[in-house]
Structures are given as C-alpha cells and as structure tokens.
Amino acid sequence: MGATAAAGHGPVYEALAALPLVDHHCHGVVTAGLGRERFESLITEGAAWPGISPFDSPVGVAVRRHCAPLLDLPRHAPAEEYLARRAELGPHEVNRRFLTAAGTAVFCVDTGYAPDHVTTPRELAEAAGGAAYEVVRLESVAEEIAARGVEPGEYAETFRTAAQAAVRQPGVVAVKSVAAYRAGFGLAPERPSDAQVTEAAARWLAGGDRLADPVLVRHLLWTAVELGLPLQLHTGFGDSDIRMHRVDPARLTDWLHLTAGTVPVLLLHCWPYQRQAAYLAAVFEQVYLDVGLTLHYVGPARAPEILAEALEITPFRKLLYSSDAYGVAEFHHLGALAFRQGLAGLLQERVDADELGLPDALRIAAWAGAGNARRLYRLATTDPVPEDGRD
C-alpha cells in the first residue's frame, strides 16, 4: 500500500494507509490509448471547452500532483509532459500502476455504463491484484428488453423476469438505479398500478428513447425492492443531465418510509447533499452513504471537510468507501488516496484532541474502508474473482 501512504502521521494514518479497501461502487477503465481531447473529457463531468482545460481545475491539479509520480514524473508535471509519458507507457502499464497503487482489494463494478471499451470486472480485478463483483444497472435491463421488443401490457412482468435473471448471475451483489438522471427524486412514492405501468410503457415504447418516464422509474425502484439485493442510488453530483435541485436525496423521504424494512439503500456520491444524506442515514435503518466521485474531484486537500460533513451525524456503520472511478485509472488511485488521507486526518485530529479514543478511530476507519461494505454485500473475508462471473 506504500504508493497510497498518507501524508500525515499517527496510528490512524498508518492503519488506513495499510487497509485493503472495498470499493463498493466503481466502473472499468479504458483499455485503449487516450489522446489529450479524450483524456480531458474523462476527467470532467462537464466538457473541455475552448480555452478552458480540465487540467486547470481542482481535479486536473490533483491528477498532476498525485498521479504524476506514479508515471515517474515530478509532482505538478505540466499536462503535456503528463500525457506524453502516459502514452509512452501505454494503457496496460498505466492501468496496472494506478490500480495497484490504489490498494483496493475488492471492486463492486457497475457494468451498465460503458460508452468506451473498458475493462470487465474480471480484467479490472486482475490488473489490481484483487477481486471483483458486479452491480446490475436496472435501467440497462429495461432498455435491453425494450430493444428486443415487448408489448406494453407485458412490460412489467418481462422486466421483472429479466431483472431477476440478471441478479441471479454469479458474482452479482447489488443493483443500481440512475433515477436521479432520468426523472429526479420528485416522484410519487407509492408503487404504480399495473394499469399505470402499461399506459406509461405504451408511451415509452412508442418513442424508443431511454427510460425516463416517471411512472416507469417508480416501477423500476419498487421492482428493485422486490429483488432483495442492496440498491445503489446515484444522488447529487453528476454530469449535465442532472438537474441538481431534483436529486437531493431528502426528496426520497416518503419512499424510504414506505420501503422501511426491505432492502439496504446506498446513497452514492451525495455532494452537495452529504448532510441531507447523513440525516437519512441517521433516521432510516436501511440507508447508507458514501461520498465517492466527490473526493477525487475536490482532491485530497478538501476531502477531510467533505467527510467531516458526511460524518457529522452518520452512524459509523453507515459510511462506505467508493471511488466511482470510470475510464481513467487515475481516478481509482485518487479516490483511494483522498479517502485514506481525508478520513485519517479527520479521525486523527479527533484522537489528538481527545474527542475520540484511538481504538474507536481504528474501528471506524476499518468499517468505512472495508468492513461496512463486506457486511452489507455479504462479501467473504477472502474474495476470489468469481470464476464464472458475468463479465
């Protein structure tokens, strides 16, 4: 774990630097070489606008500061030198260096978003020397059955059957919805009727677009509950498809009341709503959260503040680690580094101020970095890559 060793000092830093992480939500990395334009597009949720490079942003600075040394470059290497060295090493070696440096033992991989050719869960795990499991994106399941052709009156049962088949595949540990992108969380909380689903399916199937009908999104969420696996929900920060005011997880409160006692609900990313997510985790037994994606975009310098807000009232068994890395292996490394340094700094400061006992701090660090995810997803202590897992 030496490449991700924390910058600070003390037993909590040492413990987190050595901890094999469980990344409970991430994606594959690109296997082809990347030119400047494509690389820049992958390190931003926005775009590389004329005259404005993502390298000149907090995440771009973090890449040049914390990733350049792993490419044998000095810290803060210019973007041109960074990209040239990356091309010289080639994608296989670049991916290997960053994935192993992350110190991640287990990857729970969302395979439903892949506009680029990216590693399969098995390939990701093999490059990192770890294990991989799959997270099934339910919108992708719905869109696949629509593409094959289905009658509106048969849509609900066909989707349920397809989703059940998907989650029974070896290596699947959770499902995910991107309802935040498609309809936001201002949805009626109740389960839609069969007639409502059929009517909505007729509208959607006639248009042939991605699943975004609010009724069908509600139906998808209730079907997810029936599947019985942990449900991951994107909340907060994302690309320009997001309408930020509609993705505050607090808007799920009524639905959470109705689904109490069913499946764990994992609130992903959360920024700038990490405090609302913390409230939900504090008052609903089934709610958990992470601040993945956020951490590598704010960088290690701001990670402690984000984590401090997320942990203001969150029960310590409710915080998980994720990177939400996609495309560039740098984000697996940066996510892990920011989490380790940020949480270690936060906990060590409280230990030094005698606000937290060292044994408690070490337990919290181990829970957040790995233990909570292992318990929630029922992961083995030792995680072989599933031999016949869905790649």
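Laboratory data are not the source of any read-out in this text; all were calculated from the coordinates shown. No experiment lies behind these values; they were computed from the predicted model shown. Glycine gets a Cβ as well: all are built from the backbone with ideal geometry, and neighbour counts include every protein chain shown.
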*For the Cα atoms of the chain, what angle does the longest principal axis make with the long axis of helix 91-102, in degrees from 0 to 90, nearest 10?*
80 degrees
*asked:* Based only on other Cβ atoms within 10 Å, what is the fewest-to-most ordering of LEU376, LEU221, LEU295?
replied: LEU376, LEU221, LEU295
*Return the long-range amide H neighbours of THR104 (sequence gap of 5 or more, or a different chain), with a cut-off of under 5 Å between placed amide H atoms.*
LEU21
*Hey, how many Å between the Cα centroid of segment 69-145 and the Cα centroid of segment 276-309?*
23 Å
*Mind checking the angle between helix 274-283 and the chain's longest principal axis? C-alpha axes, 0 to 90 degrees, to the nearest 10.*
60 degrees
*asked:* Below 8 Å between Cα atoms, with a sequence gap of 6+, how large is the relative contact order for segment 34-89 in percent?
replied: 25 percent
*Computed Rg/Rh of the chain, alpha carbon atoms with Kirkwood Rh*: 0.97
_Order of TYR155, TYR279 under a 10 Å beta carbon neighbour criterion, fewest first_ = TYR279, TYR155
*So, by mean Cβ neighbours within 10 angstrom, what's the order for 166-174, 189-197 with the highest one leading?*
166-174, 189-197
_Computed label-point distance, nm, for sites VAL61 and SER41 using a 7 Å Cα→Cβ extension_ = 2.7 nm
*With the contact rule set at Cα under 8 Å and sequence spacing of 6 or more, what percent relative contact order holds for segment 115-267?*
26 percent
*Return the ratio Rg/(2.2 N^0.38 Å) for segment 34-89, where Rg is computed over Cα atoms only.*
1.05
_If R₀ is 56 angstrom, what is the calculated FRET efficiency for the pair SER193 and GLU305, using the beta carbon separation as r and rounding to 0.05?_
0.80
*Would you work out the relative contact order for the chain, in percent, from Cα pairs under 8 angstrom that are 6 or more residues apart?*
23 percent
*asked:* So if I place +1 on the C-beta of Lys and Arg and -1 on the C-beta of Asp and Glu, and nothing else carries charge, what would the dipole magnitude of the chain be about its Cα centre? I want it in debye, nearest 20.
replied: 300 debye
*Let me know the shape class of segment 165-262, please: from the alpha-carbon gyration tensor, a ≥ b ≥ c as square roots of the eigenvalues, rounded when a/c is under 1.5, otherwise prolate if a/b is greater than b/c, or oblate.*
rounded
*Expressed in nm to one decimal, what extension gain is obtained for the pair GLU93 and VAL283 from 0.36 nm per residue of sequence separation less their Cα-Cα distance?*
63.9 nm
*From the square roots a ≥ b ≥ c of the eigenvalues of the alpha-carbon gyration tensor of segment 1-139, which class results: rounded (a/c under 1.5), prolate (a/b over b/c), or oblate?*
oblate
